[in-house]
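Structure first, commentary second.
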């Protein structure tokens, strides 16, 4: 395995003994029940997968899934190990849009955790920091290492949901703002947020089943001392799931409200245009009538001109007052 793309850790009876040692040395410890090994492969090659499969006895189907991108978040059970697929999510700090999720796969054996980071690799340092913050739990082995990884991922999901919630609230404030820029912003951002929520939902919802399955007693992954910590992660997953569902409904409501507001504004504009057209129609009707080629009172005199002008001004003013009182203008 290429050491430049690997990270390693060795815990013996809950104490960190070695770190960043050559991956080839893992075979010395993998058979010792007192040892817990972590192996991290970042953008591994096919040779790395072959060696890892031989070293840890990994199933061929699980190795194949680990090598493919865009797997659904899931937990597969094999005879000697478990295979887990999950995603980390983050937002663009400038646009606030959800970036492409960072995929991570993991193999769980009785005393080893193998993580596979693919594509745009997840920053593993925050996970390591979580492990170092709770050294007293390290004696729980793989369950402890996996908890640190899942806690980091789920906290990221929760932060992404919270960020989207804030952006939707800001969008709601723009709904009734006047101006072309506000209208365009609402239309553009509402569709972008809906797309981000769809992507986030695909990542967050399956995690509920993943964490719930890990907590099953017959898998022997989560020991009794670790159960409250996994229950806390599960609670965060549930909250993120419910929040995501409510935000999807909220975005749909924003889009529907925006269409309603635009329809009301269009009706108001049409009402004003129609009112002014009615006012303009009065002078047109009067001048058309006086333009007939037949004699009428005041025909051919200045009096007829002033009479027609007075009729136009009076009727136009009367229509304006009536429309104004009905709030049509």
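On the given criteria, is residue 312 touching a helix residue (DSSP H, G or I) at 6+ places or on another chain (Cβ under 7 Å), at pLDDT below 80 and surrounded by 12 or more Cβ atoms within 10 Å (Cβ to Cβ)? Considered against the rule, which asks whether it is touching a helix residue (DSSP H, G or I) at 6+ places or on another chain (Cβ under 7 Å), at pLDDT below 80 and surrounded by 12 or more Cβ atoms within 10 Å (Cβ to Cβ), residue 312 comes out as no. Could you grab me the full set of residues in region 170-185 that are touching a residue at least 60 places away in the same chain (Cβ under 8 Å) and part of a loop (DSSP other than H, G, I, E, B)? Once the filter is applied, which keeps residues that are touching a residue at least 60 places away in the same chain (Cβ under 8 Å) and part of a loop (DSSP other than H, G, I, E, B), region 170-185 yields 175, 176.
In the set 77, 100, 90, only one residue is under 30 Å from residue 185 (Cα atoms), surrounded by fewer than 22 Cβ atoms within 10 Å (Cβ to Cβ) and touching a residue at least 40 places away in the same chain (Cβ under 8 Å); that residue is 90. Residues of region 5-21 being touching a helix residue (DSSP H, G or I) at 6+ places or on another chain (Cβ under 6 Å) and either under 16 Å from residue 136 (Cβ atoms) or surrounded by fewer than 14 Cβ atoms within 10 Å (Cβ to Cβ) (or both), which ones? Result: 11, 14. Among residues of region 46-71 being within 24 Å of residue 125 (Cα to Cα) and within 31 Å of the chain's Cα centre (by Cα), the one that is surrounded by the fewest Cβ atoms within 10 Å (Cβ to Cβ) is 69.
Provide a single number: the residues in region 246-266 that are surrounded by fewer than 14 Cβ atoms within 10 Å (Cβ to Cβ) and at pLDDT 80 or above. Residues that pass the stated criteria total 2.
Here residue 86 fits the description: in a strand (DSSP E or B), under 16 Å from residue 40 (Cα atoms) and touching a helix residue (DSSP H, G or I) at 6+ places or on another chain (Cβ under 6 Å).
Of all residues in region 211-235, those satisfying the criterion of being assigned to a helix (DSSP H, G or I), crowded, with 18+ Cβ neighbours inside 10 Å and touching a residue at least 40 places away in the same chain (Cβ under 8 Å) are 211, 214, 226, 229, 230, 233. Applying the set (1) touching a residue at least 24 places away in the same chain (Cβ under 8 Å); (2) surrounded by fewer than 21 Cβ atoms within 10 Å (Cβ to Cβ) to residue 149 leaves exactly one unmet item: (2). Is it the case that region 66-74 has a residue that's assigned to a strand (DSSP E or B), in contact (Cβ under 8 Å) with a residue 24 or more places away in the chain and within 29 Å of residue 155 (Cα to Cα)? Yes, that holds for at least one residue.
Criterion applied to 188, 201, 194, 167 was being assigned to a helix (DSSP H, G or I), more than 22 Å from residue 243 (Cα to Cα) and assigned by TED's automatic domain parsing to the domain that holds residue 69, and the one residue passing it is 188.
The values are calculated or read from the model by the stated rules, or taken from the named source; none is laboratory data. Here the structure is a predicted model, which is why all the values come from computation and not from measurement. With ideal geometry, Cβ positions are generated from the backbone for all residues, glycine too; neighbour counts draw on all protein chains shown.
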